[in-house]
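What follows is one structure encoded as structure tokens, with my remarks underneath.
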Amino acid sequence: MNNINTSITHITSENDNIFEDLGFSPLEATKLKIKAQLMCKINDWLHKTELRQDEASDLLQITKSKLSDVIRGNTRKFTIDALVDILEKTGQHITIQIS
């Protein structure tokens, strides 16, 4: 039997940034959190529309491989600007709140 500790030792609260908890600098963690939020909204739209990947990539004017990267949450392949552009093509709009 494995002696792997599977107990939960830390839970990130809803208002905190999991990327900071994972050891990223505060600046990088903020960028990663924004990218993740944008990707989640794009994925929500994909699920609601039930489009095939090729249809969605045509509509969003990106390649199928780029769309796959969004679906997998591959944040390294996108700037925040690129994700905002993709999200705008879904008919959703971005508002920014600074705190």
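The values are calculated or read from the model by the stated rules, or taken from the named source; none is laboratory data. Since we're looking at a predicted model, the values are computed, not measured. Glycine gets a Cβ as well: all are built from the backbone with ideal geometry, and neighbour counts include every protein chain shown.
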Exercise. Can you name every residue in the range 45-68 that is within 16 Å of GLU88 (Cβ to Cβ), without any contact (Cβ under 8 Å) to a residue 12 or more places away in the chain and among the aliphatic types (A, V, I, L, M)?
Worked result: ALA56
Seminar exercise, completed: Note on CYS40: of the conditions (1) hydrophobic (A, V, I, L, M, F, W, C); (2) assigned to a helix (DSSP H, G or I); (3) loosely packed, with under 10 Cβ neighbours inside 10 Å, unmet is (3)
Exercise. Among the residues of the range 15-44, which ones are free of Cβ contacts under 8 Å to residues at least 12 places away in the same chain and polar (S, T, N, Q)?
Worked result: ASN15, SER25, GLN37
Seminar exercise, completed: Condition set in a loop (DSSP other than H, G, I, E, B), of a type in the set (A, V, I, L, M) and over 18 Å from THR30 (Cα atoms), scope the range 47-99, selection modelled with the lowest pLDDT: answer is LEU51
